[in-house]
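Derivation of every value follows stated rules applied to the coordinates shown; laboratory data play no part. Please read these numbers as outputs of a predicted model, since none were measured by experiment. Glycine also receives a Cβ, built like all others from the backbone with ideal geometry; neighbour counts cover every protein chain displayed.
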Amino acid sequence: MRALFAAAALGAASVLGFAPFEVFALPIFTLALLFRLWQRAATPGIAARLGFTWGLGFFLAGVSWVYVSLHEVGGMAAPLAVIATVLFCAYLALFPALAGYLACRLASADFRQDVLMLAGIWTLTEALRGALFTGFPWLAVGYSATPPNPLAGFAPVLGIHGMNFLVALLAALLAHGTASWARTATVLTVIGLLAGTGQLLRGMAWTSPVGAPLMVALLQGNVPQSLKWEPERLPLSLDTYARLAQEHPAALTVLPETAIPLFFDQVPDELWQTLMRHGDLLVGIAVRHREGGYVNGAVALTQAGAQSYAKRHLVPFGEYVPPGFAWFFDLVKIPMSDFSAGPPRQPPLAVAGQKIAPNICYEDLFGVELLEALPEATLLINLSNTAWFGRSLAQDQHLQIARLRALETGRMMLRATNTGMTAAIAPDGRVIASLPPFTTGALVVTVQGYTGLTPYARWGDTLSLLLAIGAVSPACLTAWRRRSR
């Protein structure tokens, strides 16, 4: 029982390794201690329970903002919101539970084999979490390695799954490497090599500037979600964005996801003219299909006409109803909750002399999907309505995720959000400018488009997943031989 409590505490403490705290080495040590607990587990079932309780502590501490979204913003009764949040976190905890079960089943007396096996299993179960039932890869351990962490240099090469592998590899080395001086020397050597190589990779310029610098105004209306859809609040919302656009002229003005709580065809022409007075416009807004239904869209308005992007990776329970869950929307108040998904491949939008790849809300969690706009896209822009998260850790965590996307693609990532974090991120993952959250304002920043492909943009997740599979394969072969005797 004490081991289970220890695992839960380690999971909760791991959240301090992510934004806004960013004690970047902490997840390596807490994961190493979890691996130690797995080493001592008498059976795979016990290891699975340890993994589950670690995951429950980790996700209850790290994604507690789900309760905020359901209760404080969505209006679900508090007891039901607590139950829903716990069940969701329990589902997420099944993945470290699976990792623990497999780690115990495949454990051997071979130090190197076990270290690689742990790193590979952790990576593959995290990849499964990011794909199953449309995926939820939030708080993957690799996100704790954003700059200035030396491991950040590997992001343009291996992507987030490769970052997960490296963090788990270091944890496994620490967990197994203190039994002898020889092992300790091996651990210190590998840590030094990874840190040194990562630092060298951070100095690599994988992409190059293209086109002239561009002045962009990212507008943050700071409209509370509870008031956003109230009809009497509409004029004030429209006036807020019109005023911000006029006071902060730029070649490109960007409004966040569903900034204007109307369908695109309902917006008065006068407002479009006001917003475009100084240049081109990119706005997040719902767009109706001619054949019926509507999409969560990003519309670019230029002198040459209109172009649009339709969000393709929708949020279950927030933007569409999974089969059999229509009753869920009787418990919450979510306007426009039945969007249609956009097509998988959509061309970048030609705006203000750049080719822009928009992504909406949590689409930027799925890095491999953003690669489909490359190499044509020169600039990435995320439009989010993070008012759903309230005053929670989600704001900073989402910004950290966006920093990895900039690193992976070698492109600037701009974020226009309703309440925060509105920011501009350089291709090396640095936040070069941001607005304070929960304020009304405009972030005016000069940005640069980039061309070229990082190794990750060329290979996607293939290399990192093959690395993980290759790391697990020797342990699987050993276990198969053991059972065949």
Report summary line: Neighbour-count ranking for SER464, SER308 (other C-beta within 10 angstrom, fewest to most) reads SER308, SER464
Query - Burial ranking of peptide ranges 228-237, 75-84, 165-174 (average Cβ count within 10 Å, highest at the top) - result: 165-174, 75-84, 228-237
Report task. Using label points projected 7 Å from each Cα along Cα→Cβ, tell me how many nm separate ARG288 and LEU193, to one decimal. Result -> 6.2
Requested in this report: Pop out the ³J(HN,Hα) list for the stretch 278-288 in order, Karplus 6.51 cos²θ - 1.76 cosθ + 1.60 with θ = phi - 60°, rounded to Hz; leave Gly and Pro as x.
Outcome: 10, x, 7, 9, 10, 9, x, 7, 6, 10, 7
Query raised in the report: Can you sort GLU369, GLU363, GLU257, GLU270 by how many other beta carbons sit within 10 Å, fewest first?
Result: GLU270, GLU369, GLU363, GLU257
**Report entry** Descending semi-axes in whole angstrom, ellipsoid equivalent of the stretch 111-269, from the Cα gyration tensor
**Finding:** 47, 21, 13
Requested in this report: Extending each Cα 7 Å along its Cβ direction at PHE438 and ALA78, get the distance between those two points in nm, one decimal.
Outcome: 1.9
Requested in this report: Give me the orientation-averaged projected area of the Cα convex hull of the chain, in nm², one decimal.
Outcome: 23.5
**Report entry** Whole-angstrom Cα spans of the stretch 434-483 along principal axes, big to small
**Finding:** 64, 32, 8
Query raised in the report: When the Debye formula is applied to the Cα atoms of the stretch 15-109, each taken as the same point scatterer, what base-10 log of I(q)/I(0) results at q = 0.12, 0.16, 0.24 Å⁻¹?
Result: -0.46, -0.73, -1.10
Query raised in the report: Picking from THR439, PRO348, ILE425, whose Cα lies most toward the positive end of the charge dipole for the stretch 209-453 (charges on Cβ: Lys, Arg +1; Asp, Glu -1)?
Result: ILE425
Requested in this report: Run the quick spin-label model on ASP269 and ARG112: label points 7 Å from Cα toward the beta carbon, then report their separation in nm to one decimal.
Outcome: 7.3
Requested in this report: Give the residue from TRP480, ALA242, ALA205 lying farthest towards the positive end of the charge dipole for the chain; charges sit on Cβ (+1 for Lys and Arg, -1 for Asp and Glu) and the dipole is referred to the Cα centre.
Outcome: TRP480
Query raised in the report: Under Stokes-Einstein, with the Kirkwood radius over Cα pairs standing in for Rh, what whole-number D in µm²/s applies to the stretch 75-166 at 4 °C and 1.567 mPa s?
Result: 87
Report summary line: Between the alpha carbon centres of the stretch 111-129 and the stretch 1-79 the gap in Å comes to 18
**Report entry** Ellipsoid equivalent to the stretch 128-209 - semi-axes via the Cα gyration tensor, in Å
**Finding:** 25, 20, 8
Query raised in the report: Counting other C-beta atoms within 10 Å, which of ARG458, ARG312 has the fewest, and how do the rest follow?
Result: ARG458, ARG312
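With 34 Å as the cut-off, how large is the P(r) tail for the stretch 209-453, expressed as percent of Cα-Cα pairs? Walk me through the numbers on the way to the answer.
Details: 2662 of 29890 pairs.
Summing the P(r) tail past 34 Å for the stretch 209-453 gives 9 percent.
Ordered by packing density, taken as the mean number of other Cβ atoms within 10 Å over each peptide's residues, highest first, how do 440-447, 30-37, 206-213 rank? Before the final figure, lay out the partial values.
Details: 440-447: 18.6, 30-37: 23.4, 206-213: 15.0.
Listed from highest to lowest mean packing, they are 30-37, 440-447, 206-213.
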Query raised in the report: Per residue of the chain, what 222 nm ellipticity follows from adding -39500 (n - 2.57) for every DSSP H run with n ≥ 4, rounded to the nearest 500?
Result: -14500 deg cm²/dmol
